[in-house]
Amino acid sequence: MLIVSSINAQNTVFEEKRTIYKKEEAFGALIHTRGWGLTYRYGKYTSGFTRKIYDVDLVGMKHPKEIKTFTSAFDNSNGYVYGQLHSVIILRAGIGRHNTFVSKQSVRGISISSILSGGFSLAYGKPVYLEVIKVDSISGELSSEVERYNPSKHSQFEIIGKASYFKGFFNGTYYPGVFAKYALSFESSRQANRINALEVGAVLDLYLQKVKMMANDFNKRYFFNLYVSLTFGSKKTAKDIGKSK
């Protein structure tokens with residue numbers, strides 16, 4: 001009798017009636033090995049454990065050789081990276097699959113899923129502008145001007161600091177490419193229709209040409225990064241979708 005009762009109890013836990021969700025949306029923030037960013041994901045359920053996903057990431061990308069420098073001669077100078085040609089932002093838009101292989105009933109309210117996606121990756125290199133020292137050829141007086149960084153023109157001795165990030169924001173270069181992403185997601189929300197997930201994964205961005213971040217030969221056509229993200233969102237049933245229309 002005890003064994004039968006135990007089996008029935010287990011069946012009650014694992015075979016309880018499931019809510020059938022149709023779609024989900026989640027927003028989040030991420031930290032990766034070369035910066036940070038924001039993420040958005042939309043999912044359409046194809047079964048109780050799988051969904052087709054559409055995701056968008058907007059991330060900043062630093063060069064591994066970046067070293068921030070301050071000009072000691074000027075107390076109010078902004079830090080800059082000597083040799084940096086462009087600040088890089090990456091926009092990814094992809095499609096993929098989200099597969100739950102451990103349900104919340106199995107591990108004390110935590111579901112574990114695999115996420116595989118890929119698609120279009122667009123890197124934008126915003127030119128770096130610096131505040132530099134100028135010497136009047138007649139009077140010898142010193143002044144400062146904001147100029148786009150030119151490695152053949154500007155030496156480290158005449159740089160005061162970095163200009164506003166938004167200076168020359170629309171004068172950059174676009175680098176089209178593709179990306180592939182794989183991750184594991186750990187969801188632990190106490191409410192069945194809410195999403196509260198920790199995601200750990202890796203992303204590879206590949207471009208048609210080298211992304212010119214620095215004024216040296218360390219620039220690459222690809223970026224490979226590990227990342228961690230926190231996402232929050234909600235799931236909706238057909239009834240919920242009907243109410244929102």
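The values are calculated or read from the model by the stated rules, or taken from the named source; none is laboratory data. As the structure is a computational prediction, the values presented were derived from the model and not from experiment. Quick reminder, even Gly has a Cβ in these numbers, built from the backbone with ideal geometry, and neighbours come from all protein chains shown. Surface accessibility is based on the protein's heavy atoms, side chains included, excluding ligands, DNA and RNA. Shrake-Rupley method; radii C 1.70, N 1.55, O 1.52, S 1.80 Å.
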Legend entry - Residue check for residue 66: open to solvent by 80 Å² or more (accessible area, probe 1.4 Å), of a type in the set (Asp, Glu) and at pLDDT below 95: no
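Mind listing whichever residues of the stretch 135-149 are assigned to a loop (DSSP other than H, G, I, E, B) and open to solvent by less than 60 Å² (accessible area, probe 1.4 Å)? Talk me through it step by step, then tell me what you get.
Just the residues of the stretch 135-149 that are assigned to a loop (DSSP other than H, G, I, E, B), to begin with: 136-141, 149.
Once the filter is applied, which keeps residues that are assigned to a loop (DSSP other than H, G, I, E, B) and open to solvent by less than 60 Å² (accessible area, probe 1.4 Å), the stretch 135-149 yields 140, 149.
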Inset, instruction - Give the number of residues within the stretch 198-216 that are touching a Phe, Trp or Tyr at 6+ places or on another chain (Cβ under 6 Å) and over 26 Å from residue 111 (Cα atoms). - result: 4
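So, in the stretch 120-134, exactly how many residues are under 25 Å from residue 78 (Cα atoms) and surrounded by 16 or more Cβ atoms within 10 Å (Cβ to Cβ)? Please lay out each step first, then the result.
At the first step, the residues of the stretch 120-134 found to be under 25 Å from residue 78 (Cα atoms) are 124-134.
From the residues that got through so far, the ones that are surrounded by 16 or more Cβ atoms within 10 Å (Cβ to Cβ) too are 124-133.
Total satisfying the criteria: 10.
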Legend entry - Residues of the stretch 17-73 that turn out to be within 15 Å of the chain's Cα centre (by Cα) and among the aromatic types (Phe, Trp, Tyr), as a count: 4
Legend entry - Close pairs (7 angstrom Cβ cut-off, 6 or more residues apart or separate chains): assigned to a loop (DSSP other than H, G, I, E, B) in the stretch 79-104, surrounded by fewer than 19 Cβ atoms within 10 Å (Cβ to Cβ) and aromatic (Phe, Trp, Tyr) anywhere: 79/70
Inset, instruction - Only residues that are crowded, with 18+ Cβ neighbours inside 10 Å, modelled with pLDDT of 95 or more and either of a type outside the set (A, V, I, L, M, F, W, C) or on the phi > 0 side of the Ramachandran plot (or both): list them for the stretch 180-211, please. - result: 181, 185, 199, 201, 205, 207
Legend entry - Residue selected from the stretch 233-242 under the condition of a type outside the set (Asp, Glu) and open to solvent by less than 70 Å² (accessible area, probe 1.4 Å), by the criterion nearest to the chain's Cα centre (by Cα): 233
Inset, instruction - Return a yes/no flag: does the stretch 219-232 have any residue that is modelled with pLDDT under 95 and open to solvent by 100 Å² or more (accessible area, probe 1.4 Å). - result: yes
